Each structure stands twice: as structure tokens, then as C-alpha cells.
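The numbers here are math on the coordinates, done by the rules we state, and not lab data. Just so we're clear, the structure is a prediction, and the values are computed from it rather than from any experiment. Quick reminder, even Gly has a Cβ in these numbers, built from the backbone with ideal geometry, and neighbours come from all protein chains shown.
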Amino acid sequence: MQVNEILNAWTALWNGDYAIAERICAPDFTIFFGGADASGGNPADALRGGAALAAFIEGFRAERPGLTYSNVRHVADEATGHGVSLWNADRGDAHTGGIDVFDVGPDGLVRRVWSVSAQRPVAG
């Protein structure tokens, strides 16, 4: 899959299309969220592969009914397998944004994502 296609699929995944995860994530997929829990870590640090990511997202969304993600801007470098997604998330009166940075392998599967949420929506 092309990097730009992955960036679009990623948004659909976070909007609840969980089957996408196993189609776009490598078996050794990992994600790093910038946010930390009370221990200074993040439970997502232990995630490996698409099925684990899908389960994580499903649980995350279950705690936040009505959450919707939208793309602000994508930058994809097909030659290097790197991509960047600027996104916004909305739920009722709550609006935030963030940035995800992707490392895609030569097989077209996501190997690693770094994700940081902002305290306000991202401007395009």
C-alpha cells in the first residue's frame, strides 16, 4: 500500500473501521504516544501488530462515544516510506488535534507510528 493511502486508512481506522489495522500494520508494528499515564509510561507502548492496535482503539473509542477524526493535511514521501498526518478530533464541544509520524516498510506496511495530541485543533 502507498504511504498516502495508509494515511487515509489510518483515519478510517480511528473512526471505527477496525479491520483496517491488520491490513496496514506489520506484525511487529509499534506506536508511541506522547501522553503518559501516572507511571510516566503509556499502556500502548506494549502494543504489537494490527490486532492489538485495533483492540486498543476499540476500547479507546468505547470510552469516548461520538468521537470523530478528520484529516487536516497529509505529507507522504513514497521513496522513503515516511508520512505525516495532521488531524483533528471532535466530540461534542471538545475539539483537539495532533500529529502522527509514520515509518512504512518496503512491503507497504506500517512499522512504527509516533503520535502526539495537542490541546487545540490543528490549523491547516
_Residue count, the range 47-106 (criterion: in contact with a Leu (Cβ under 9 Å, 6 or more places away or on another chain) and of a type in the set (Val, Ile, Thr))_ = 5
_Among residues of the range 104-124, those that are under 19 Å from residue 71 (Cα atoms) and either free of Cβ contacts under 8 Å to residues at least 60 places away in the same chain or among the acidic types (Asp, Glu) (or both), counted_ = 7
*asked:* When you check residue 90 against the structure, is it closer than 18 Å to residue 21 by Cα, of a type in the set (Asp, Glu) and surrounded by 15 or more Cβ atoms within 10 Å (Cβ to Cβ), yes or no?
replied: no
_Qualifying residues in the range 16-41 (those that are within 24 Å of residue 68 (Cβ to Cβ) and aliphatic (A, V, I, L, M)) - the one surrounded by the most Cβ atoms within 10 Å (Cβ to Cβ)_ = 21
*Given the conditions (1) more than 23 Å from residue 95 (Cβ to Cβ); (2) touching a helix residue (DSSP H, G or I) at 6+ places or on another chain (Cβ under 8 Å); (3) among the hydroxyl-bearing types (Ser, Thr, Tyr), which single one is not true for residue 39?*
(2)
_Filter result for the condition that a residue is surrounded by fewer than 14 Cβ atoms within 10 Å (Cβ to Cβ) and not charged (D, E, K, R), over 98, 105, 49, 83_ = 105
*Does any residue in the range 1-16 that is without any contact (Cβ under 8 Å) to a residue 60 or more places away in the chain come within less than 9 Å, Cβ to Cβ, of a residue that is of a type in the set (Asp, Glu) six or more places away or on a different chain, and which pairs are these?*
9/17; 16/58
